[in-house]
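One structure is given here, and the rest of the page talks about it.
Any read-out appearing in this document is the output of simple, stated calculations on the displayed coordinates, not a laboratory observation. As the structure is a prediction and not an experimental result, all values here were calculated from the model. Cβ placement follows ideal geometry from the backbone for every residue including glycine, while neighbour counts extend to all protein chains displayed.
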Amino acid sequence: MADSDTPHTSPLLLPDAIHEAIKPGTALLRLETTSSRQGRLDGAWWPRTRDIETELPALISVLTGHLGLITRVGVDASAWNGLPTRLVIDGRVVHLDSDPVGDDTVLITRGHNDHFALLVVPPDTTADAAREAMARAVRADNITQAAQILIATTPEPEDSTADAAG
């Protein structure tokens, strides 16, 4: 392949393949693929459980492949079943911080000071609502906070009192 045929990517850009699930049944990840990074969120993550030790390694492995060395992850400890202070992922130590970021956001630190904020879609979210929330989060012009995106994309519960009255 000629050098001109080789795709060149900026360190801030991610290939479109990042939007694909790694394997069936795994968490889904979407990241903004523009170089502007002007949106409130840089991406979205839909883990399948609240077990951070099960879910986080796959996320970090994928992000490391596209972003480079991930050194820290900030999560809200109350949103997860136990929170260690660090995990060894792919032979490297990743420090976990219990930040009051809310259970709807995870903060990823690349290197020493480059931060990425990801919307965390709750594991029990319906597939349609999760896809809509993730699509909103990765819009380059998004200025909506993570919690508001989740509220806006969560279907209203059906009103069972109307059925009982009828």
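If I stretch the segment between Arg48 and Leu69 completely, what's the gain in nm (0.36 nm per residue apart, minus their alpha carbon distance), one decimal?
Result: 5.2 nm gained on full extension.
So between Ser61 and Arg139, what do we pick up on full extension, going 0.36 nm a residue minus the alpha carbon distance? Before the final figure, lay out the partial values.
Numbers: separation 78, 0.36 × 78 = 28.08 nm, distance 2.35 nm.
Difference between extended and current length: 25.7 nm.
Loop-only check: which trypsin sites (Lys or Arg not before Pro) in the range 38-76 are DSSP coil with at most 16 other Cβ within 10 angstrom?
Numbers: sites: Arg40, Arg48, Arg50, Arg72; in loops: Arg40, Arg48, Arg50.
Sparse-neighbourhood loop trypsin sites (Lys or Arg not before Pro): Arg48, Arg50.
How far, in nm, would the chain grow between Asn81 and His112 when pulled straight, counting 0.36 nm per residue and subtracting the alpha carbon separation?
Values: separation 31, 0.36 × 31 = 11.16 nm, distance 2.72 nm.
Difference between extended and current length: 8.4 nm.
If you take every residue apart from Val120 with its C-beta less than 11 Å away from the C-beta of Val120, what net charge results, scoring Lys and Arg +1 and Asp and Glu -1? Please report the intermediate quantities before stating the final value.
Working: positive: Arg50; negative: Glu55, Asp76, Asp103, Asp104.
Once all neighbours under 11 Å are counted, the net charge is -3.
Label Ala152 and Asp124 with points 7 Å out from Cα along Cα→Cβ: what is the distance between them in nm?
A separation of 2.5 nm, rounded to one decimal place.
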